[in-house]
Every structure is written in C-alpha cells, then in structure tokens.
Amino acid sequence: MHQHNGDAGSLSMNSDGETLSNLNSLFEHLASRDDLPEDVRTRLTEVWESHQQTQHLLAEARSDIALLSDRVLEQERREKKLETQLLYNRKSGLPNHYVLDNDLTGIIREAVVAARPRTIAVMIVALDEAYEMAHKALDRQYTDWIIYECAGRIQGILPANARLYHTRDNEFVLLLIGVDPLINLSDYAERIRDTLGDTFKFPEYTVRIGCLIGSSVFPRDGANKTQVLRSADIALNTAKNAQKPYLEFRPNMQSQAIEKMELQDAIIRALEEQSIAEISRQFSLFFQPYFELNMGDANDLYSRLIGAEALIRWQHPSRGLVDPSRFIPVAEESGLIVPIGSWTLFRAAELLAQWGDAGLAELTVSVNLSPRQFKDPHLVQNVETALRRSMVASERFRLEITEGSVMDDLDEGLRKLHGISQLGVRIVIDDFGTGYSSLNYLRRLPIQGIKLDKSFIDEVLTSSHTQGIIRAVLHMAQDMGIEVVAEGVESYAQAHYLASIDCPVVQGYFFGKPVPSDSFKRFAEMNSGRTVAHSEEKR
Ligand code: C2E
Ligand code: MG
Ligand code: MG
C-alpha cells in the first residue's frame with residue numbers, strides 16, 4: 001500500500017471521473033496480486049464494497065437532486081402563472097383589486113412620510129346597465145372585448161401619474177398620485193365618460209355603454225386605504241341613486257350611507273331569528289279608515305266607514321318610530337321586504353278575523369304590497385294561507401299595488417293578478433296617476449279599484465286641469481265598474497268637491513289619521529253601520 005501513497009495522494013488532485021477510474025484500476029491492480037496477506041485482502045474487499053455502495057448512493061442522490069430541481073422549476077413556473085391569474089384580470093390584463101389594495105397601502109405610506117405630504121385621488125368607474133344588458137344579451141366574446149377595449153380607452157387618456165386597476169367585472173379604479181389638493185377631478189371624469197361613451201362596433205351590432213364615476217381624495221376623504229376607497233364607493237353609490245354621472249365624495253354622503261346600513265342591519269336583526277314574536281315586538285300595523293262618501297239633498301256631506309288601510313310602523317329599539325317611507329325602500333332594496341310583507345299579510349288577516357268576531361263583519365282591510373313583494377313567487381300562496389288560517393272571507397281583503405309593479409313585467413304581472421283575483425281578493429292600484437298613468441292599460445288588468453294619488457287631491461280645488469283629470473278617471477272607472485278612492489283628503493272643501501263629482505270613496509286626515517289597531521277597533525265599534533254628517537267646522 002505504501003508504494004501507492006503517491007498515487008493515492010495525487011487522486012484528490014484529479015476531477016471526479018478521473019479519480020474514480022484511477023481508483024478502479026488501483027483496486028484491480030491490488031486485487032490481482034496474489035502475494036497479499038489474507039487480512040489485507042479482506043480489508044481491501046470490505047473497503048471496496050463500501051466504496052461501491054457509496055457510489056451507488058451518490059448516483060441516487062444525483063438523480064434525486066435532478067428530479068427535485070425540475071420540480072422546483074415547474075413549481076416556480078406554476079406560481080408565476082398563478083400570480084398572473086391572481087393579480088391580473090384575464091379580460092383586461094390590468095392589475096386587480098389585490099394589487100390595488102397593496103399599491104394604495106404603499107403609496108399612502110410614502111405620501112405620509114414625504115417631506116411635502118402628497119394628495120392621492122381615487123376614482124371608481126362603474127359601467128352602467130347598458131353593459132349589464134349587453135352582458136346578458138350578447139355572447140361572451142363580445143363583452144370580453146368590450147372590457148378589453150374599455151381598459152385600453154381609459155389607459156389611452158391617462159396622465160403619467162395615474163394607475164389603472166380592474167377591480168370587478170364592470171368596475172375600474174383609477175389612482176392619481178401626487179395631485180394638486182385642489183384638483184378638479186370632474187375634468188378627468190368627463191374625459192373618461194367621453195371615451196367610454198363612444199360606440200363599440202361589431203360586424204352585427206353597435207353597442208353603446210355609459211359609466212358612473214365616484215371619487216375621493218386622500219387625505220381629505222379618508223385617513224387610510226380602506227377609508228378613502230370606501231369614500232369613493234359611497235360617492236359612486238350616491239351618484240347611482242341620484243342618477244348623476246359623476247360625484248365627488250362629500251361628508252354628508254357618509255352619514256346617509258351609514259344610516260342606511262344601520263337601518264338594514266337593524267331590520268336584519270329584527271328578522272334574523274325568523275321569530276314572529278320578535279317581528280311583532282318591533283313592527284306593528286296602524287289602520288287608517290276609508291269611507292263611502294255621499295252628498296245629501298241640501299248639498300250636505302255624509303260618510304260611512306267601510307274599511308281601513310293597514311300601514312306598517314316600525315318601533316326601533318333605539319331610534320324610536322321609523323317612518324315607512326324611510327325603511328320600506330331600504331327593506332325593498334335588500335329583499336327584506338318579503339318577510340316583513342308576509343308578516344303584514346298574516347297580521348292584517350288575523351286582526352280582521354278578530355274584528356269580525358267582535359261584530360265588525362262588514363269591514364274590509366287593505367294591505368300594501370311593494371314591487372318586490374309583488375314579484376315574490378310565493379305571494380299568491382301566502383295570501384291564500386293567510387286567509388285560510390284566519391278564516392276571513394276573501395272579499396274583505398284588498399291588496400294595494402302600484403302601477404310600476406305590474407308594468408315592470410306585464411305578462412308575469414297579469415298572471416299574478418289573475419292568481420290573486422281567483423282567490424276572490426280585490427286588487428287596488430295605489431298612488432294612481434304618479435306612474436305610467438295610462439288609462440287604457442287599466443282595462444287589461446283584473447283590478448277592482450284605483451286610489452287617486454294625494455297629489456291630485458292637493459290640487460283639486462285650485463287646478464281646473466286636475467279637476468278634468470279626476471273627472472275623466474271617475475268616468476272611466478264607472479265605465480269599467482271599478483271603485484275610485486281619493487287618498488289624502490285633508491279638508492272639508494276637498495271632500496265636498498269630491499262628493500259633488502260623485503267620487504265614491506275617500507281616505508285622509510280630514511276623516512281619520514292612521515291609528516294603532518286597538519284604537520281603530522274602538523273607532524269602528526262606534527261608527528260601524530252609521531252614516532256621519534260633516535260640516536265645514538269639523539276638525
Ligand atoms: P300609501 O299606501 O300611499 O299610504 C298613504 C300614506 O299617506 C300613508 O303614509 C298615510 O299615513 C298618508 N296619508 C293618509 N292620509 C293623508 C293625508 O290626509 N295627508 C297626508 N299628508 N298624508 C296622508 P305612511 O303610513 O307613512 O305610508 C307611506 C307609504 O309606505 C305608503 O303609501 C305605502 O306605500 C308604504 N307602506 C306603508 N305600510 C306598508 C306596508 O305594510 N307594506 C308596504 N309594502 N308598504 C307600506
Ligand atoms: Mg296604500
Ligand atoms: Mg298611496
């Protein structure tokens with residue numbers, strides 16, 4: 001062994017491959033000698049076998065490492081792709097809301113520490129219903145292209161300090177960084193609206209869409225990312241509600257939005273348990289009487305109680321009494337009107353049954369239905385169940401709907417109306433004259449009455465034009481065999497005039513305000529079946 005030390009020493013000087021082949025030949029050389037002492041030969045064999053094993057392990061490790069390295073590369077490729085998918089919108093190629101969140105946080109952080117704090121404007125651009133309609137009507141490839149084109153058009157007019165994001169399918173967000181705090185953003189808004197307003201031309205179609213824009217400015221309208229984005233969103237929503245193309249955030253918008261949110265939240269909480277007890281605790285029905293109207297021989301005025309309209313009231317735990325005109329639109333928007341409305345139907349039927357038991361079997365009750373309630377597929381079923389449970393005769397029950405509820409989808413509306421009519425329940429058009437006001441379409445509807453809106457009654461003594469309309473409506477209604485109710489009658493003079501032109505039914509503060517159900521019951525017990533004479537001095 002000794003004599004090969006030199007060789008062995010030089011082994012480490014060579015490259016791996018050479019080392020191994022040297023080692024091989026050295027082993028073969030040694031093994032071929034027959035003069036080796038037995039213990040040296042044994043040892044040599046052991047060392048060689050262990051060397052072979054090491055080589056094998058090494059080779060395995062090499063191939064494992066190669067495989068691993070392939071996998072790491074593949075993983076990186078996949079992550080990159082995922083990142084693109086996660087951070088960029090597929091249709092527009094623009095960075096999405098994750099990137100916006102991240103960028104805005106960073107930009108605000110920099111703006112705050114800069115020697116002269118910088119102002120950042122946020123504009124949310126939402127494509128309008130025309131886009132939604134195109135989305136429903138056209139193939140995906142058209143709307144995908146519209147989005148791609150919108151992104152391009154906006155980008156084409158952006159200044160250098162702007163960044164554009166595509167945050168929702170129909171929504172883009174624009175950041176203008178380091179702008180003059182007094183910047184007039186409406187110029188930008190107008191430019192964006194102009195460029196998006198140009199038509200999108202396809203071989204078969206031409207599409208025109210518009211947009212609504214809301215904006216806010218950091219730090220004025222929000223001290224951090226979340227607040228400044230929320231302010232822009234509030235401005236956008238206010239623009240939508242006010243049907244304005246563009247609005248900048250104003251602090252009073254926030255209080256309106258918060259109030260709306262609180263209201264919505266409170267309604268949800270009242271209804272969350274779906275417990276009738278909880279709804280009954282917070283909501284109640286008031287009743288406003290309506291009367292048959294008659295003119296005596298001496299031009300004197302008589303009325304006779306025939307029924308009452310159920311008007312919902314909300315006793316909010318901390319806000320006190322909330323007007324229906326405030327919470328019905330919120331409940332309508334969120335769909336919460338449907339459970340509230342079902343409760344109203346059941347409660348009104350229940351009270352009507354109680355009054356019948358108390359000897360007031362002639363009375364009718366009228367219940368309001370909002371447009372969304374009217375669209376509820378369970379409506380007819382609910383009305384039927386409410387009548388069946390309370391065992392109230394269906395002729396004593398009326399439903400008030402507005403013209404818009406039916407006209408939104410005439411075919412479906414007609415089907416609903418027929419379904420309700422078949423139950424024997426009367427249908428009355430509420431606020432008549434404020435909507436489509438087409439007298440002709442009324443002939444197509446299976447209705448039994450109309451309520452002339454208060455705005456006509458307000459002018460009944462002062463406008464001959466209004467008088468003409470009212471007379472025409474009364475005439476047509478008589479022709480069709482339906483009833484007319486004049487609502488919002490506030491004075492003797494109005495009532496007297498209405499009686500003189502044969503308006504059959506009236507309702508209004510002059511005759512009676514909405515009152516809680518037990519007060520109404522007492523009033524009805526005193527007045528049921530009686531004809532009451534009115535004079536100018538009354539009330
Ligand atoms: P509406 O159905 O047209 O009800 C008439 C409204 O005018 C009632 O207001 C009533 O209190 C008021 N009013 C009646 N007579 C006079 C009058 O002589 N002068 C004046 N200034 N006002 C009069 P209310 O109770 O605030 O209800 C407002 C609206 O809220 C109702 O208009 C109806 O559309 C809706 N609403 C009320 N209760 C319900 C309900 O249970 N369900 C649904 N869906 N809507 C309801
Ligand atoms: Mg009504
Ligand atoms: Mg009305």
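The values are calculated or read from the model by the stated rules, or taken from the named source; none is laboratory data. No experiment lies behind these values; they were computed from the predicted model shown. Note that we place each Cβ from the backbone using ideal geometry, even for glycine, and neighbour counts take in every protein chain shown. SASA here: full protein model, heavy atoms, side chains in, ligands and nucleic acids out. Shrake-Rupley method; radii C 1.70, N 1.55, O 1.52, S 1.80 Å.
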query = For residues in the stretch 127-144 being aliphatic (A, V, I, L, M) and not in a helix (DSSP H, G or I), which is surrounded by the fewest Cβ atoms within 10 Å (Cβ to Cβ)?
reply = L138
message = R90 - would you say it is among the basic types (K, R), in a helix (DSSP H, G or I) and open to solvent by 40 Å² or more (accessible area, probe 1.4 Å)?
response = no
query = Does R426 satisfy the condition of being of a type in the set (D, E, K, R), open to solvent by 50 Å² or more (accessible area, probe 1.4 Å) and either within 15 Å of ligand 1 (Cβ to nearest atom) or at pLDDT 90 or above (or both)?
reply = yes
inquiry  = Considering only residues that are surrounded by fewer than 17 Cβ atoms within 10 Å (Cβ to Cβ), small (G, A, S) and in a loop (DSSP other than H, G, I, E, B), which ones fall in the stretch 485-536?
reply    = S491, G529, S535
Count - residues of the stretch 475-484 that are open to solvent by less than 10 Å² (accessible area, probe 1.4 Å) and out of contact with any helix residue (DSSP H, G or I) (no Cβ under 8 Å at 6 or more places or on another chain) = 1
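For every residue, the table says whether it meets (1) surrounded by fewer than 13 Cβ atoms within 10 Å (Cβ to Cβ); (2) in contact with a Pro (Cβ under 6 Å, 6 or more places away or on another chain).
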residue: V383; (1), (2): no, no
residue: V392; (1), (2): no, no
residue: S405; (1), (2): no, yes
residue: D411; (1), (2): yes, no
residue: K416; (1), (2): no, no
note = Those residues of the stretch 332-344 which are within 16 Å of ligand 2 (Cβ to nearest atom) and in contact with a Phe, Trp or Tyr (Cβ under 9 Å, 6 or more places away or on another chain) amount to I340, T344
task = Residues being over 31 Å from the mean Cα position of the chain (by Cα) and under 16 Å from V228 (Cα atoms): count how many of those fall in the stretch 86-116.
result = 4
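So is T462 open to solvent by less than 60 Å² (accessible area, probe 1.4 Å), of a type in the set (V, I, T) and more than 30 Å from S421 (Cα to Cα) or not?
Working: open to solvent by less than 60 Å² (accessible area, probe 1.4 Å): no; of a type in the set (V, I, T): yes; more than 30 Å from S421 (Cα to Cα): yes.
In short, no.
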request  = Go through V406, V428, V380 for me and flag whichever is touching a residue at least 60 places away in the same chain (Cβ under 8 Å), assigned by TED's automatic domain parsing to the domain that holds V506 and β-branched (V, I, T).
outcome  = V428
request  = Evaluate the stretch 434-452: report whether one residue or more is away from ligand 1 (no atom under 13 Å from the Cβ), open to solvent by 20 Å² or more (accessible area, probe 1.4 Å), under 34 Å from the mean Cα position of the chain (by Cα) and closer than 27 Å to A349 by Cβ.
outcome  = yes
ask   = Does any residue of the stretch 486-499 turn out to be away from ligand 3 (no atom under 16 Å from the Cβ), in the same structural domain as Y441 (by TED's automatic domain parsing) and acidic (D, E)?
value = no
key: Flag for G424 being away from ligand 2 (no atom under 13 Å from the Cβ) and of a type outside the set (A, V, I, L, M)   = yes
task = Please specify each residue of the stretch 394-403 satisfying the condition of being open to solvent by 10 Å² or more (accessible area, probe 1.4 Å), within 16 Å of ligand 3 (Cβ to nearest atom) and closer than 21 Å to I306 by Cα.
result = R398
message = Can you go through L452, L414 and tell me which one is within 14 Å of ligand 2 (Cβ to nearest atom), closer than 19 Å to G481 by Cβ and at pLDDT 90 or above?
response = L452
task = Please verify whether the stretch 399-422 includes one or more residues that are more than 14 Å from ligand 1 (Cβ to nearest atom), under 23 Å from R372 (Cβ atoms), of a type in the set (S, T, N, Q) and outside any helix (DSSP H, G or I).
result = no
Within the stretch 145-192, considering residues that are acidic (D, E) and open to solvent by 40 Å² or more (accessible area, probe 1.4 Å), the one farthest from the chain's Cα centre (by Cα) = D180
